[in-house]
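*Asks:* Sharing a structure below in structure tokens format, with a few things to ask.
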Amino acid sequence: MTETSATTVPDAAPRSAVPDASSRSARSATDPVPERGAKRRDEGLDALDVLESESIHIIREVVAEFERPVLLFSGGKDSVVVLHLAAKAFWPGKVPFPVLHVDTGHNFPEVLAFRDETVERLGIRLEVAHVQDYIDDGRLAERADGTRNPLQTLPLLDAIAAGRHDAVFGGARRDEDKARAKERIISLRDEFGQWDPRNQRPELWSLYNGRHTPGQHVRAFPISNWTELDVWSYIERESIPLPPLYFAHERDVFRRDGMWRAVGEVSQPRPDELVESRTVRYRTVGDMSCTGAVESDAVDVSAVVREVAQSTLTERGATRADDRISEAAMEDRKKDGYF
């Protein structure tokens, strides 16, 4: 595993990372303190305010309770939103933990560029584990189907152990997959990084049990209760930047398994698959070799929000070939240590 350090924290964080003076959560030091029983200005909280408040509470609780947390950050929309929430949770201080990316070597170049720009802008340390290193030294072997997404588990567990991380934040949401739907917000992983769905802790009244023994760690999912529409509505409200492939663009693609696959070095059409130029965008970001695009004319966030509001398929169900390996593909990988 290699590690790079970003530049020092900028003098002023970008608007997309912290609340500004116009934010509904910002309050001037000269504002009067409400009298007891007086109507509070935040009594009109909408659904996004409530979700944001819950997520920030979870992030602060984990940081207070654990010694070496880390955030899995791929540059995808969900991890971008979690990082944005973390920046708001600790503003005006810096985010008090590093971010970790398991690089499969099959990532979209636009997403890697966005990842590097984001950590540099926010002054956050980036830790990277490379799947290619494991293939080169024989610890992992290429799969017959060519995708490397399922190969992330071992590098992830090794990176967690090497960094002595006792809590790992992720952007998983319950609406994505039935396996993720039944996992707790604070999810215990055993000494082997594995998840036992039959051994989960109750989470009542927003109380989270992070107790663990040496060698164990927890996965923390601050946006577990969000939906894809919540995520995009929040991105719109907060003006959060994203990689450009989330918006409609022209791309050479070919049809496979009911999905539009991008033509690239690690994603080549078979002789019977026709390459076409289509206007597409990506709803989720994984390997080029297993992530499909959807036809779309949504060129900005507002258009994406309208599009998602009308969708009847989750983004993983519509665009991820790695989740179609079996009916329980996600749960099987989570049991082995995947996120």
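*Asks:* Which residues, counting only those in the stretch 108-121, are open to solvent by less than 30 Å² (accessible area, probe 1.4 Å), out of contact with any His (no Cβ under 8 Å at 6 or more places or on another chain) and either of a type outside the set (Ser, Thr, Tyr) or under 14 Å from Val285 (Cα atoms) (or both)?
*Replies:* If the condition is that a residue be open to solvent by less than 30 Å² (accessible area, probe 1.4 Å), out of contact with any His (no Cβ under 8 Å at 6 or more places or on another chain) and either of a type outside the set (Ser, Thr, Tyr) or under 14 Å from Val285 (Cα atoms) (or both), then Phe108, Val111, Phe114, Val119 are the ones that fit.
*Asks:* Which one is surrounded by the most Cβ atoms within 10 Å (Cβ to Cβ) among residues in the stretch 304-314 that are touching a residue at least 40 places away in the same chain (Cβ under 8 Å) and part of a helix (DSSP H, G or I)?
*Replies:* Looking at the filtered set, the residue picked out is Val304.
*Asks:* Within the stretch 67-97, which residues are of a type in the set (Phe, Trp, Tyr) and within 9 Å of the chain's Cα centre (by Cα)?
*Replies:* Phe73
*Asks:* Restricting attention to the stretch 122-150, and to residues there that are open to solvent by 20 Å² or more (accessible area, probe 1.4 Å) and of a type in the set (A, V, I, L, M), which single residue is nearest to Arg261 (Cα to Cα)?
*Replies:* Ranking the qualifying residues of the stretch 122-150, first place goes to Ala144.
*Asks:* Now for a separate question. Please count how many residues of the stretch 131-146 are part of a loop (DSSP other than H, G, I, E, B) and either on the phi > 0 side of the Ramachandran plot or of a type in the set (A, V, I, L, M) (or both).
*Replies:* The qualifying residues number 5.
*Asks:* Taking the condition of being open to solvent by less than 10 Å² (accessible area, probe 1.4 Å) and over 19 Å from Leu151 (Cα atoms), how many residues in the stretch 271-295 meet it?
*Replies:* Final tally of qualifying residues: 4.
*Asks:* Let me ask another. For the stretch 72-87, state whether one or more residues are open to solvent by 10 Å² or more (accessible area, probe 1.4 Å), modelled with pLDDT of 95 or more and in a strand (DSSP E or B).
*Replies:* yes
*Asks:* In the stretch 191-215, what residues are free of Cβ contacts under 8 Å to residues at least 60 places away in the same chain and either under 22 Å from the mean Cα position of the chain (by Cα) or more than 23 Å from Ala159 (Cα to Cα) (or both)?
*Replies:* Of everything in the stretch 191-215, those that are free of Cβ contacts under 8 Å to residues at least 60 places away in the same chain and either under 22 Å from the mean Cα position of the chain (by Cα) or more than 23 Å from Ala159 (Cα to Cα) (or both) turn out to be Arg198, Asn199, Gln200, Arg201, Pro202, Glu203, Leu204, Trp205, Leu207, Asn209.
*Asks:* Moving on. Filtering the stretch 88-103 down to residues that are of a type outside the set (Asp, Glu) and part of a strand (DSSP E or B), which residue is farthest from Ile240 (Cα to Cα)?
*Replies:* Across the stretch 88-103, the extreme among qualifying residues is Val102.
*Asks:* If you don't mind, there's one more thing I want to ask. For the structure I just gave you, tell me whether Asn225 is open to solvent by 50 Å² or more (accessible area, probe 1.4 Å), polar (S, T, N, Q) and under 24 Å from Thr153 (Cβ atoms).
*Replies:* No, not satisfied.
*Asks:* Also: Could you grab me the full set of residues in the stretch 258-270 that are within 13 Å of Asp145 (Cα to Cα) and loosely packed, with under 13 Cβ neighbours inside 10 Å?
*Replies:* Residue satisfying the conditions is Arg270 alone.
*Asks:* Checking Gly215 against (1) open to solvent by 50 Å² or more (accessible area, probe 1.4 Å); (2) at pLDDT 95 or above; (3) in a loop (DSSP other than H, G, I, E, B), which test does it fail?
*Replies:* All conditions are met except number (2).
*Asks:* Here is a further query. Assigned to a helix (DSSP H, G or I) and either open to solvent by less than 70 Å² (accessible area, probe 1.4 Å) or not basic (Lys, Arg) (or both): is that true of Pro202 in this structure?
*Replies:* The answer is no for Pro202.
*Asks:* Do we find a residue being in contact with a Lys or Arg (Cβ under 7 Å, 6 or more places away or on another chain), surrounded by fewer than 16 Cβ atoms within 10 Å (Cβ to Cβ) and under 22 Å from Ala64 (Cα atoms) anywhere in the stretch 176-187?
*Replies:* Looking through the stretch 176-187, none of the residues is in contact with a Lys or Arg (Cβ under 7 Å, 6 or more places away or on another chain), surrounded by fewer than 16 Cβ atoms within 10 Å (Cβ to Cβ) and under 22 Å from Ala64 (Cα atoms).
*Asks:* Would you be able to say whether some residue in the stretch 49-67 is on the phi < 0 side of the Ramachandran plot, surrounded by fewer than 18 Cβ atoms within 10 Å (Cβ to Cβ), touching a strand residue (DSSP E or B) at 6+ places or on another chain (Cβ under 9 Å) and not polar (S, T, N, Q)?
*Replies:* yes
*Asks:* Oh, and also: Would you be able to say whether some residue in the stretch 231-247 is in contact (Cβ under 8 Å) with a residue 60 or more places away in the chain, closer than 23 Å to Ala179 by Cβ and not in a helix (DSSP H, G or I)?
*Replies:* No, there is no match, as no residue in the stretch 231-247 is in contact (Cβ under 8 Å) with a residue 60 or more places away in the chain, closer than 23 Å to Ala179 by Cβ and not in a helix (DSSP H, G or I).
*Asks:* Which ones in the stretch 249-303 are assigned to a loop (DSSP other than H, G, I, E, B), touching a residue at least 60 places away in the same chain (Cβ under 8 Å) and polar (S, T, N, Q)?
*Replies:* Selection gives Thr284, Ser289.
The values are calculated or read from the model by the stated rules, or taken from the named source; none is laboratory data. The structure displayed is predicted, hence computed values, not measured ones. Glycine gets a Cβ as well: all are built from the backbone with ideal geometry, and neighbour counts include every protein chain shown. Please note that ligands, DNA and RNA were not included when accessible areas were found on the heavy atoms of the full protein model with its side chains. Shrake-Rupley method; radii C 1.70, N 1.55, O 1.52, S 1.80 Å.
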